[in-house]
């Protein structure tokens, strides 16, 4: 394999891993507390919500990749696909919280919504950490979906066009690289997170540093596989 292709694979895989870590910290992870309506976000863990968004992005990216080899188009299609997926999930969550639980989407981490400037505290049920997916959390979730989908699409493109993996193997490989990055983010978040306004978002640099190392190692494995096998079926 040419050195240029090796470098391109490593660069795109590392960038994809870093975007995955960033996206996980932007997504509204609510876990079990959100399921009970006592915290904001989606009632699932970091790994599950991250992989769900990215998998949708990979579907759209792989579909576009059958029509063009343009990196920008493939990457953006993955980002948009993941953004749409997470947006629909957040919207449905709000509908369930509002009409099923009878609670108002309100942040538990800030007294005033950073975007709309609406007061949050008066509408928050005592002894809870907010409800549903309020405006600032929704915007952060969209950014997280875009970031994660973009990262996944970049890795898929690198494995498909530079490492010469088959479409199926490239998709599985991209998802496999995402799993450790999502797990790293989950350990860093330690429970729930609302998004970029959440105090836990300040832990992002620690996750990025670890994701860089892990993604680099994954990229090296991909380069070795591509060099030894000359492409993977």
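Candidates 185, 163, 153, 174: the one that is closer than 22 Å to residue 18 by Cβ and more than 18 Å from the chain's Cα centre (by Cα) is 163.
The set of residues in the range 122-139 that are surrounded by 13 or more Cβ atoms within 10 Å (Cβ to Cβ) and not in a helix (DSSP H, G or I) comprises 124, 125, 128, 129, 130, 131, 132, 133, 134.
For the range 66-85, does any single residue satisfy the condition of being modelled with pLDDT of 90 or more and farther than 26 Å from residue 160 by Cβ? So far as the range 66-85 goes, no, none of its residues is modelled with pLDDT of 90 or more and farther than 26 Å from residue 160 by Cβ.
Of the residues making up the range 91-108, those that are surrounded by 12 or more Cβ atoms within 10 Å (Cβ to Cβ) and on the phi > 0 side of the Ramachandran plot number 0.
I'd like to know if the range 177-191 contains one or more residues that are touching a residue at least 60 places away in the same chain (Cβ under 8 Å), touching a strand residue (DSSP E or B) at 6+ places or on another chain (Cβ under 9 Å), within 19 Å of residue 50 (Cβ to Cβ) and not in a helix (DSSP H, G or I). So far as the range 177-191 goes, yes, one or more of its residues are touching a residue at least 60 places away in the same chain (Cβ under 8 Å), touching a strand residue (DSSP E or B) at 6+ places or on another chain (Cβ under 9 Å), within 19 Å of residue 50 (Cβ to Cβ) and not in a helix (DSSP H, G or I). Please determine whether any residue of the range 140-156 is assigned to a helix (DSSP H, G or I), touching a strand residue (DSSP E or B) at 6+ places or on another chain (Cβ under 7 Å) and either buried (at least 21 other Cβ atoms within 10 Å of the Cβ) or modelled with pLDDT under 95 (or both). Taking every residue of the range 140-156 in turn, none turns out to be assigned to a helix (DSSP H, G or I), touching a strand residue (DSSP E or B) at 6+ places or on another chain (Cβ under 7 Å) and either buried (at least 21 other Cβ atoms within 10 Å of the Cβ) or modelled with pLDDT under 95 (or both). Residues considered: 42, 49. Of these, the only one that is under 23 Å from residue 199 (Cα atoms) and in contact with a helix residue (DSSP H, G or I) (Cβ under 6 Å, 6 or more places away or on another chain) is 42.
Is it the case that residue 41 is in contact with a strand residue (DSSP E or B) (Cβ under 9 Å, 6 or more places away or on another chain), under 30 Å from residue 120 (Cα atoms) and either free of Cβ contacts under 8 Å to residues at least 40 places away in the same chain or buried (at least 24 other Cβ atoms within 10 Å of the Cβ) (or both)? In short, yes. Condition (residue is farther than 30 Å from residue 210 by Cβ and part of a helix (DSSP H, G or I)) applied to the range 110-121: is it met by at least one residue? Yes, the range 110-121 has at least one match. Can you tell me how many residues in the range 109-118 are exposed (fewer than 12 other Cβ atoms within 10 Å of the Cβ) and in contact with a strand residue (DSSP E or B) (Cβ under 9 Å, 6 or more places away or on another chain)? Counting residues in the range 109-118 that are exposed (fewer than 12 other Cβ atoms within 10 Å of the Cβ) and in contact with a strand residue (DSSP E or B) (Cβ under 9 Å, 6 or more places away or on another chain) gives 1.
The values are calculated or read from the model by the stated rules, or taken from the named source; none is laboratory data. As the structure is a computational prediction, the values presented were derived from the model and not from experiment. Every residue, glycine among them, receives a Cβ derived from its backbone with ideal geometry; neighbour counts consider all protein chains shown.
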